[in-house]
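Trainee: First the structure, then my questions, so here it is.
The values are calculated or read from the model by the stated rules, or taken from the named source; none is laboratory data. A quick note: this is a predicted structure, and the numbers were derived from the prediction, not measured. Reconstructed Cβ throughout: ideal geometry from the backbone, glycine too, with neighbour counts over all protein chains shown.
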Amino acid sequence: MSKIQYKYRRTIKKAEFVHADLEYHKEVVEEAKSDFKDAIAKLVGRLPPDDREKIKENDKQPKTQKQSEKPQKIAAPSNECFELIPSAARDSYEDGPAQLIKSKELKTLFHRIAEETHPDKVRANGFSEKEISKRTRIFKSANEAFKEGNWYVLHSIAGDLGISIPPPTEQLIKWIEDDISKVEKKIAIIKNLTAWHWYVGNDRARRLALNHFFVKVYGFNHPELQRL
């Protein structure tokens, strides 16, 4: 095995790991967010009546009115408090000749995958409904990877379909390393969520996370969380 082949194989293995790690975090964080919301709801339910009424009334106010309120007013939690991957966190593509080359390679590989997985083509080839459904899911994954500029995912899909891929080069390795970096950033975003810290933390960390939420979203410390 040549040096470039060894490096390529090692990079692919790392990409496989971080993508599997991202899937793990996506699955766990959904449970974490659900349980965290339940914990918040229970704490809200145990607040003094006046505080509960403030939160209830604030939830009924129009969004434009909430934005004009003073900081000391209790704010209703927005979806961003629990959002998995905020859209602002997505990476933009680099410009220049390197990106043009990557775009061309991605487009070529995607089109070859589409020839094997596009619903219309699969149906025209007389595949069973089960196979059509399977390949349609593959096509959607490939299409998303193409739009995100993710070489590794397209590479993996092509390999599973038996489609030949370009021989390893330093440029291809760099693209996969870039994909790995983007995935690691997504994992870091998940692990920085308050709900995640609450879910994986010890008792003190969980109480700190809950109190942080109350201070950030509602603007006050919950009476039960004062002593940490």
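Trainee: Suppose the filter is farther than 28 Å from ALA114 by Cβ, free of Cβ contacts under 8 Å to residues at least 40 places away in the same chain and not small (Gly, Ala, Ser); does HIS222 pass it?
Mentor: no
Trainee: Still on this structure, please answer the following. Look through ALA41, ALA15 and report the one residue that is over 18 Å from the mean Cα position of the chain (by Cα), small (Gly, Ala, Ser) and modelled with pLDDT of 90 or more.
Mentor: So the residue among ALA41, ALA15 that is over 18 Å from the mean Cα position of the chain (by Cα), small (Gly, Ala, Ser) and modelled with pLDDT of 90 or more is ALA41.
Trainee: Further question: Taking ILE101 as the residue in question, decide whether it is of a type in the set (A, V, I, L, M), at negative phi and at pLDDT 90 or above.
Mentor: no
Trainee: Just the residues that are under 28 Å from ASN143 (Cα atoms) and either surrounded by 14 or more Cβ atoms within 10 Å (Cβ to Cβ) or touching a Gly at 6+ places or on another chain (Cβ under 7 Å) (or both), please, taken from the range 186-208.
Mentor: LYS186, ILE187, ILE189, ILE190
Trainee: If you don't mind, another one. Would you check if ARG52 is surrounded by fewer than 16 Cβ atoms within 10 Å (Cβ to Cβ), over 22 Å from the mean Cα position of the chain (by Cα) and at pLDDT 90 or above?
Mentor: No, not satisfied.
Trainee: Somewhere in the range 163-184, is a residue among the basic types (Lys, Arg) and loosely packed, with under 14 Cβ neighbours inside 10 Å?
Mentor: Checked against the condition, which is being among the basic types (Lys, Arg) and loosely packed, with under 14 Cβ neighbours inside 10 Å, the range 163-184 yields no hits at all.
Trainee: Restricting the first residue to the range 41-52 and requiring it to be closer than 15 Å to ASN221 by Cβ, which pairs with a second residue that is surrounded by 10 or more Cβ atoms within 10 Å (Cβ to Cβ) meet a Cβ separation below 7 Å and a spacing of at least six or different chains?
Mentor: Partner pairs satisfying both residue conditions: LEU43/LEU210; LEU43/HIS222; LEU43/GLU224; VAL44/ARG52; VAL44/ILE55; ARG46/GLU224.
Trainee: Of the numbered conditions (1) assigned by TED's automatic domain parsing to the domain that holds VAL29; (2) of a type in the set (A, V, I, L, M, F, W, C); (3) in a helix (DSSP H, G or I), LEU172 satisfies every one except a single condition; which is it?
Mentor: All conditions are met except number (1).
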